[in-house]
Amino acid sequence: MSGSTLSIPAADEELPDCVEVAVIGLGYVGLPLAREAASVGLRVAGLDRDPRVVEGLNAGRSHVDDVSDDDVRQMRMAGFTAYTDDACLARAQTVVICVPTPLSEDGGPDLSAVTSAVRAVAGRLRPGQLVVLESTTYPGTTEEVVRPLLEESRLRVGEDFALAFSPERIDPGNTTHGLRDTPKVVGGCTPSCAAHAVAFYGKFIDTVVQAKGTREAEMAKLLENTYRHVNIALINELAIISRELHVDVWDAIRCAGTKPFGFQAFRPGAGVGGHCIPIDPSYLSYKVRSSLGYEFRFVELAQDINRRMPEYVVRRAQDLLNTAGRPLRGSRVLLLGVTYKPDVADQRETPAVPVSRLLRKREAEVSFHDPHVQLWTVDGVAVPRVGDLMAAVRDHDLTILLQDHSAYDLPALADEARLLFDTRGRIFQPGVEVL
Ligand code: SAJ
């Protein structure tokens, strides 16, 4: 961050004549983007529909894990101001849209936040502006949805203003790769649009990769995450098959992982959570189904396999208790790690929810522990959180490790637990059951 000591603009201070970039959507994607742009001296405005977010940011407080309060204060000193009013868009050279695209009932992306943001931009659009969509969506969205809405302003893409798509590659909790050193893919509606977008991101990102067009940039993001989703489903199904064939899948993964080329190790688990991997592939299968009239079979199959993992875990838990002479019904089961992946607090799409739901359905008594979660409810009913973890593993009939947070002393837990079912393949001690 530059050492500029600009005075902090009052939040209600008259808008500056011009800001280099306005970021719409100040969440885990938009706020790091605003921070990076401000860090190189660009004048940044933020727009969010949540007044609490806007108020907190203007008071120097962050609501995003990977952006600290000090980061926000630095941004404010560099001139960043957050608004709920979209008037700020009229004075921005570049507008970047970073709003969520959750799945809708029909399995496709809910683009309501995108269209709402685009309409706000259209209402303030001026000649010479660059508009970039970063929200993850199906190929064709920028051309078929965003462009027509913007051109309702009578301004023309490529002639009066520039329009591009650039997929977000923010990886919450990743301390190795950040926005600046992660190559940024950019696709423009026209060559001049692409040039504008490349020049914009090149101001604060080390490597900018120009795609052939917006569809290729949209598809690149879905390819990245569908690749993960399908390969996780492959190893999940292989884990199930390996057990039936009396093969230690974890050792097979270890051995295969020694191949220095042509192989990337994925690991089985209780299911696939998070804000990207279980969601993004659905945009592809939605587009194929809605536009081409047939199924994207790889994605549909992978979704089916990954969604069945919680049920498989509970069936294995039941077998384990039965082998110890106990029914699952009435047994006390402790879940370790209820977030969607290790060492994050994020619980979006966590497989712990379906696991807990299935255990309750079989009338087990479910408790949990997670160093990052204090309160956890499933279907509106609070799940008791144990305090003394070592006492709890001794006291519960079965402990299931769902996320191997680095805070856990797994060998010690294994020594103390009555029964331990490790779904992450981290504990290879006698008496420990692994997935
Ligand atoms: N998972 C497995 N087995 C694996 C890997 C993951 O079961 O071998 C599960 C995790 O437990 C989790 C889910 O899949 O529940 C997703 O895990 P993830 O490691 O893919 O983490 P995410 O969801 O945070 O994915 C993000 C993505 N980043 C962006 O979309 C910008 C993804 O592209 C990254 O590759 C990933 O982070 C990463 O590598 O950290």
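Rule-based calculations on the coordinates, nothing more; no lab input. These figures come from a predicted structure and were not determined experimentally. Virtual Cβ from ideal backbone geometry, glycine too; neighbours counted across all protein chains shown.
Here are some notes:
- Spatially, region 253-276 and region 292-307 are offset by 20 Å when compared through their Cα centroids.
- Neighbour counts of other Cβ atoms within 10 Å put 421, 204 in the fewest-to-most order 204, 421.
- Fraction of antiparallel bridges per DSSP, region 309-434 only, in percent to nearest 5: 10 percent
- In summary, the aspartates and glutamates within cross-link reach of residue 212, defined as a Cα separation below 14 angstrom excluding same-chain residues under 8 places away, comprise 143.
- FRET efficiency for the residue 291 to residue 329 pair, using the beta carbon distance and R₀ = 45 Å, is estimated at 0.40.
- DSSP beta bridge pairing in the chain, given as percent antiparallel to the nearest 5: 10 percent
- The chain, dipole about Cα centre (Lys/Arg Cβ +1, Asp/Glu Cβ -1), debye to the nearest 20: 680 debye
- The ranking of 301, 375, 335 from fewest to most other beta carbons within 10 Å of each one's beta carbon is 375, 301, 335.
- Among 98-104, 43-49, the peptide with the highest mean count of other Cβ atoms within 10 Å heads the list, and the full ranking is 43-49, 98-104.
- FRET efficiency for the pair residue 199 and residue 241, taken as 1/(1 + (r/R0)^6) with r the Cβ-Cβ distance and R0 = 41 Å, rounds to 0.20.
- Using a Gaussian network model of the chain in which every pair of alpha carbons under 10 angstrom is joined by a spring, one finds that among 82, 122, 412 the greatest mean-square fluctuation is at 412.
- Degrees, to the nearest 10: 30-39 long Cα axis against longest axis of the chain: 50 degrees
- Gaussian network model of the chain, springs between alpha carbon atoms under 10 Å - residue of 223, 133, 33 with greatest fluctuation: 223
- Förster-model FRET efficiency, 51 Å R0, residue 212 and residue 372, C-beta, rounded to 0.05: 0.80
- Stretching residue 259 away from residue 151 to a fully extended chain increases their span by 33.7 nm, per 0.36 nm per residue minus the current alpha-carbon distance.
- Cβ-based net charge around residue 31, under 11 Å, with every Lys or Arg adding one and every Asp or Glu removing one: -4
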